[in-house]
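Here the structure comes first, spelled out in structure tokens, and everything after it is commentary.
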Amino acid sequence: SPRREPTWAKADEGVWCYGLDAAALAATTARARSKGLFRDAAFVHPKTLNYELPTRGAPEIAIAGRSNVGKSTLVGALLGDRKLARTSKTPGCTTSVNFFSVGGPAARASCFVVDLPGVGHARRSKDERSAFGAASAAYLANREKHVLREALVLCDARRGPCADLLDAFAALRVSHRVVLTKADLATPADVASALSATRDRLAAAKHACLLPVVHVVSAKTGAGVAALRAHIAALVTDEDAL
């Protein structure tokens, strides 16, 4: 019989997987959710790290996105404290690579969530925007894979995957996935279009580091946030997760 083409399947609230066993993915993240990893989250001041990157080898999950996708707001929602990550009505407030410890202080954290500077759309000079990109690229290019488990590439659900950002991650060969934000403002047609665009990128050989799972979230309503948090927990606890 002819081979069936993969399709998108819903694995959890706001979680869509392409060509994978949705039930198995849901079971994996459910196990991770029960471990309650996300507690005692805190911003790690650079001075605490002697103005260097953490050296303990604790897992890190990077979060990247353009400056108008609500990145800091989502980071705060994931960490359970909306005031923890700096947010503003002016896009582009995150201007450096920021570390947040999860599960305890930096010296014994279970993992770090790494908030990368927003790219583009910031009300700053072109030179400063380039520096933001350089800071993120330097971090991503130099982190060992057993430390940097994955990057979450945030894209506005109404606009779909950001080609420039995904191309950059492909070039750096960093494992990453698409997270569609502002789901409360998007229509079902918007989400369907974004999934279709992601499928097309998955078919391209140069995007081998793009994972076939898309999260659709709203930091405002909380939709999909718990499932995304569970996915991060699965990565950190070495579950067989995607």
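The values are calculated or read from the model by the stated rules, or taken from the named source; none is laboratory data. Everything quoted here is computed from the prediction, not taken from an experiment. Methodologically, a virtual Cβ is constructed for each residue, glycine included, from the backbone with ideal geometry; neighbour enumeration extends over all protein chains shown. Surface accessibility is based on the protein's heavy atoms, side chains included, excluding ligands, DNA and RNA. Shrake-Rupley method; radii C 1.70, N 1.55, O 1.52, S 1.80 Å.
Quick one: dipole size for the chain, taken about the Cα centre, charges +1 on Lys/Arg Cβ and -1 on Asp/Glu Cβ, in debye to the nearest 20. The partial results should precede the final answer.
Working: 33 positive and 22 negative charges, 88 e Å.
Roughly 420 debye for the chain.
For region 62-70, in order, what is each residue's ³J(HN,Hα) by Karplus, 6.51 cos²θ - 1.76 cosθ + 1.60 with θ = phi - 60°, in whole Hz (x at glycine and Pro)?
8, 10, 10, x, 5, 5, 10, 9, x
Of K182/K220; K10/K145; K35/K182, which pairs sit farther than 18 Å apart, going by alpha carbon to alpha carbon?
Numbers: K182/K220 8 Å; K10/K145 28 Å; K35/K182 27 Å.
In this structure, K10/K145; K35/K182 exceed 18 Å between Cα atoms.
Percent antiparallel among DSSP beta bridges with both residues in the chain, to the nearest 5?
So the antiparallel bridges in the chain amount to around 40 percent.
Can you work out the Karplus-derived ³J(HN,Hα) for every residue in region 180-197? Use 6.51 cos²θ - 1.76 cosθ + 1.60 with θ = phi - 60°, whole Hz, and x for glycine or proline.
8, 9, 6, 4, 5, 9, 9, 9, x, 5, 4, 5, 4, 5, 5, 5, 5, 5
With the other protein chains left in place, how much accessible area per residue, in square angstrom, belongs to the chain at a 1.4 angstrom probe?
On the way: 11740 Å² over 242 residues.
Solvent-accessible surface per residue comes out at 49 Å².
For E13 and A223 in the same chain, what is the full-extension length gain: residue separation times 0.36 nm, less their Cα-Cα distance, in nm? Walk me through the intermediate numbers first.
Details: separation 210, 0.36 × 210 = 75.60 nm, distance 0.72 nm.
That pair, E13 and A223, stretches by 74.9 nm at full extension.
Given only helices, namely DSSP H runs of n ≥ 4 each adding -39500 (n - 2.57), what is the per-residue ellipticity at 222 nm of the chain, to the nearest 500 deg cm²/dmol? It would help to have the intermediate numbers written out before the result.
Values: 6 runs with 75 residues, N = 242.
Mean residue ellipticity, 222 nm, calculated: -9500 deg cm²/dmol.
Would you grab the residues whose amide H sits under 5 Å from the one on V216? Only those 5+ places off in sequence or on another chain, please, with H modelled 1.01 Å from N.
V15, W16, L180
For the chain, what % of the accessible area comes from carbon and sulfur atoms, probe 1.4 Å?
On the way: 5980 of 11740 Å².
Ligands and nucleic acids excluded, carbon and sulfur give 51 percent.
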